[in-house]
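Colleague: Dumping the structure here so I can ask a few things about it.
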Amino acid sequence: MTVYWGDSSETWTGTSSTTTIAATAANKVKAGDMNGDGYLDLAVACYSTSGSADSFAFLNTGGRTFGSTPDMRLSGSEYTSCQVGDIDDDGYADIVFGMGAASHTQEVKAFYGGPSGPSPSDSLLILADRCYDLMLKDLDGDGSSTSSRPATRAARYRSTWAPSQASTRRRTSASPPAASTS
C-alpha cells in the first residue's frame, strides 16, 4: 500500500512524497491520532477472497514516515471495514473493525488507542451479522461521539445488528475506562 503525501500547494511532487506500507489485501483505510502525538496514524482493514490476510495499525512517526513493520498486527484477522474515532473519551483515537464476508466470523471489534497506540489486548468484541461498513456516531445525544456504557458506545453499524441482539460484549483489559461525569 502506498501513502501519497501532498504539499502546501495540494499537489504531489513525485515519488519523494510517497511512503510504502506493508499491508497486502488492504480493503479499507482510515486515519486518526491513536497515540496522542499529533500525527495521523492508519488503521488498515485487510481482506482476501483467496487465502487470508492480516489487518493492521501503523503509527505515524512524524516527518511523513511510518515504521517498516505494523505497530499492531491482527494475525489471521481479516476485516472488510474499519473506522477510527475516540469511542471511550480518553483523548486517543480507537479503531473499530468489522467483518462482512459470509465465509468468515461475523464480528465488530474495537481496539482502544493509548499512549503506545492501539493494543490487541484492550478490545471490545460485538458479534454482528454481515458488517460491510460502519460509522461512529453520538449514540446517546450527549454531544460526544460515544456513550459511557461499553455495551452501547462502540459504533452504529450498517447491518442487521441491534444492541438487544448482541450475544457477546466484553472489554478484555483488566479495568474498564472511567465513566464520564459530564
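The values are calculated or read from the model by the stated rules, or taken from the named source; none is laboratory data. Here the structure is a predicted model, which means the values were calculated and not measured. Every residue, glycine among them, receives a Cβ derived from its backbone with ideal geometry; neighbour counts consider all protein chains shown. For the accessible areas, the whole protein counts, side chains as well, though only heavy atoms, and no ligand, DNA or RNA atoms are used. Shrake-Rupley method; radii C 1.70, N 1.55, O 1.52, S 1.80 Å.
Colleague: Two decimals, Cα atoms only, Kirkwood Rh: what is Rg/Rh over the stretch 1-72? Present the calculation step by step, with values, prior to reporting the outcome.
Modeller: Values: Rg = 13.0 Å, Rh = 13.1 Å.
Across the stretch 1-72, the Cα-based Rg/Rh ratio is 0.99.
Colleague: Now, a different point. How much accessible area per residue does the stretch 1-93 have, counting only protein heavy atoms and a probe of 1.4 Å, in square angstrom?
Modeller: Values: 4620 Å² over 93 residues.
On a per-residue basis, the stretch 1-93 sits at 50 Å².
Colleague: On the accessible surface of the stretch 1-96, probed at 1.4 Å, how many percent belong to carbon and sulfur atoms? Before the final figure, lay out each step's value.
Modeller: Numbers: 2200 of 4620 Å².
Answer for the stretch 1-96: carbon and sulfur cover 48 percent of the accessible area.
Colleague: From the phi angles alone, apply the Karplus equation (6.51, -1.76, 1.60; θ = phi - 60°) to the stretch 42-51 and give each ³J(HN,Hα) in whole Hz, x where the residue is Gly or Pro.
Modeller: Working through the residues one at a time gives 10, 10, 10, 8, 10, 8, 10, 7, 9, x Hz.
Colleague: Could you rank the peptides 25-33, 46-54 by their average count of other C-beta atoms within 10 Å per residue, with the highest value first? Don't jump to the answer; show the numbers that get you there.
Modeller: On the way: 25-33: 18.1, 46-54: 14.7.
Highest-to-lowest ranking by the protection proxy: 25-33, 46-54.
Colleague: Here is a follow-up. Whose amide H sits under 5 Å from the amide H of residue 77, counting only residues 5 or more places off or on another chain, with H placed in the peptide plane?
Modeller: Hits under the 5 Å cutoff: 55.
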